[in-house]
Amino acid sequence: MFCREEIRGVVLTIEKMYRDGRQLVKGGGGSNQLNAKQLRQRIGIKPCLADCLDGLMILHEMHQAEYVMFFCLKSLHRYLLKSSVVSALSALTLKPSSSDLGALQQLLIDEPNIPKEEGR
């Protein structure tokens, strides 16, 4: 399982590779600038430069989507955990008042990111 920083690092690296590749293809406007025919030129079965750059962009989009999905799932997991805690408390034999449960629910909403060190 990847951590948030690792996924973000992959996304940024692929994005940089794409930007650098595009810049190399453009050649900075000098005599080294490639034309459309050169971008599509193939040597044997190898892909052309344009295909490689398109592939890098697809990889970037896939990893970016994975990064966003990672945070959505993490937020959903936190919400479900908090919801379970509130439901379990309401089922206790002590039967806390509805205002107590409302206050607890608001606290859980206001404090979504409790560091691991404080949770122990």
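Laboratory data are not the source of any read-out in this text; all were calculated from the coordinates shown. This one's a predicted model, so the numbers in the text were calculated from it and none came from an experiment.
Observations, loosely collected:
- For residue 26, the lysines whose Cα falls under 19 Å of its own Cα, not counting residues fewer than eight places away in the same chain, are 16, 37.
- Hz values of 3J(HN,Hα) by residue in the stretch 56-67 - Karplus curve (6.51, -1.76, 1.60), Gly and Pro given as x: 4, 5, 5, 4, 4, 4, 5, 5, 4, 5, 5, 4
- Counting only residues at least eight positions apart within a chain, or on another chain, the lysines with an alpha carbon under 28 Å from that of residue 95 are 82.
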